[in-house]
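Encoded as structure tokens, the structure appears first; notes follow it.
The values are calculated or read from the model by the stated rules, or taken from the named source; none is laboratory data. Values in this document were obtained by computation on a predicted structure and should not be read as measured data. All Cβ positions, glycine included, derive from the backbone under ideal geometry; neighbour counts span all protein chains shown. Side chains are part of the model used for accessible areas, which takes the heavy atoms of the whole protein and leaves out ligands, DNA and RNA. Shrake-Rupley method; radii C 1.70, N 1.55, O 1.52, S 1.80 Å.
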Amino acid sequence: MPHPTRRALIAALPLLAAPAALRAQAPGRPVRAVVPFPPGGGVDVFARPFAVALAAALGQPVVIENVGGASSRIGNGTVARAAGDGATLLVTNDTLAAVEALPAPGAAPVLPQLAPVLLAASSPHVIVTHPRSGFRTVTDYAARVRDPARRPNIALPGLGTAHHFASALFDGAVGGRAEPVPYRGGGPAIADLLAGTVDASLVTLGMVVPHIREGRLIGLAVTSATRAAAVPEVPTVAETVAPGFDVTTWMGVLAPAATPPAALARLHAAGRTALEDATLRERLASLGFEPAGAGPEEFAALLRSTVERFAAVVPAAGIRAEDA
């Protein structure tokens, strides 16, 4: 399958595909949807089918732009500085809360520069390994995490990301520490895991479901409280090595803070319509995503609570902003 380009036109669907109320307000130019990670990661895997349905709901093209780097900070800043005209969106995950909990030295908080539009979906993370790693179960992996002389390394989509915090929460729950190996995104991390050059990885489930199903990778455990329907054979962390463990990631849509309320409302309505599309829902379910559709206020509250949860992990995990 060809590798996606940095700027790819995701959808240019006929105006008649959009509900009349949305079509009446639709500007003529494409909507730019910034994914603050390289292609192939969990957010990218979610954003591409979502953009198809969003384009239908808006009645205008939606263009995915991958702007990776600095644990999503570069892409976040791109959207924060964009014009508030309803033509630029940020599609991201809870790494947005992670970088807010661990701000770069001298950097201004980014959340006040963004307006929540839609809490789109949730998903577990999954700890995965290569069949040649020697790990057959998450119990094997946890035993190595607890062994200072034989600590495993774990490929992560960047330091200071939601995945880094989830890995640190796992380490704390089992009483040990894995050695994080940072990448510019989930795609590069999994490429190295598939090559057998790292011991394990922790990524959003959706990006590795095909690899697990086809035996290229072993799913050791999902991080949610219950098993994921997309890979029901993969146990949870809670039922194996850390009772009560429950860490999920979410996907959300935001716009520049200067975006007028009417434009935000239109974008939210279109996003809700997109999430009701049967084809999108089937695709998301197959990848382990659960559609949400919550509005700006609920999304803003989740952002605040996620920042607080991650901030509480920083001292014990030894995560430093200068390393991210």
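Taking segment 162-176 only, how many residues are surrounded by 24 or more Cβ atoms within 10 Å (Cβ to Cβ) and either among the hydrophobic types (A, V, I, L, M, F, W, C) or out of contact with any strand residue (DSSP E or B) (no Cβ under 7 Å at 6 or more places or on another chain) (or both)? Walk me through how you get there before you give the answer.
Going through segment 162-176, the residues surrounded by 24 or more Cβ atoms within 10 Å (Cβ to Cβ) turn out to be 162-167, 170.
Checking which are either among the hydrophobic types (A, V, I, L, M, F, W, C) or out of contact with any strand residue (DSSP E or B) (no Cβ under 7 Å at 6 or more places or on another chain) (or both) leaves us with 162, 165-166, 170.
So the answer is 4.
Of the listed requirements (1) charged (D, E, K, R); (2) surrounded by 15 or more Cβ atoms within 10 Å (Cβ to Cβ); (3) assigned to a helix (DSSP H, G or I); (4) without any contact (Cβ under 8 Å) to a residue 24 or more places away in the chain, residue 304 misses just one: (2).
Go through segment 45-89 and report how many residues are within 18 Å of residue 206 (Cβ to Cβ), of a type in the set (Gly, Ala, Ser) and either open to solvent by less than 10 Å² (accessible area, probe 1.4 Å) or more than 15 Å from the chain's Cα centre (by Cα) (or both). Give the steps one after another, and end with the answer.
Kept after step one, since they are within 18 Å of residue 206 (Cβ to Cβ), are these residues of segment 45-89: 45-54, 64, 66, 68, 72.
Going one step further and asking which of them are of a type in the set (Gly, Ala, Ser), we end up with 47, 51, 53, 68, 72.
Okay, now just the ones that are also either open to solvent by less than 10 Å² (accessible area, probe 1.4 Å) or more than 15 Å from the chain's Cα centre (by Cα) (or both), so 47, 51, 53, 72.
Qualifying residue count, segment 45-89: 4.
If I filter segment 177-186 for residues that are open to solvent by less than 20 Å² (accessible area, probe 1.4 Å) and not in a loop (DSSP other than H, G, I, E, B), do I get at least one hit? The answer is yes, given that some residue of segment 177-186 is open to solvent by less than 20 Å² (accessible area, probe 1.4 Å) and not in a loop (DSSP other than H, G, I, E, B). Selection of segment 187-205 for residues being surrounded by 22 or more Cβ atoms within 10 Å (Cβ to Cβ) and over 22 Å from residue 139 (Cα atoms) yields 187, 189.
Does residue 22 fit the bill of being more than 26 Å from residue 248 (Cβ to Cβ), open to solvent by 20 Å² or more (accessible area, probe 1.4 Å) and modelled with pLDDT under 95? Don't jump to the end; show me each part of the working.
On the way: more than 26 Å from residue 248 (Cβ to Cβ): yes; open to solvent by 20 Å² or more (accessible area, probe 1.4 Å): no; modelled with pLDDT under 95: yes.
When the stated conditions are applied, residue 22 does not pass them.
Kindly evaluate residue 29 against the criterion of being of a type in the set (Lys, Arg), modelled with pLDDT under 95 and within 29 Å of residue 165 (Cβ to Cβ). When the stated conditions are applied, residue 29 does not pass them.
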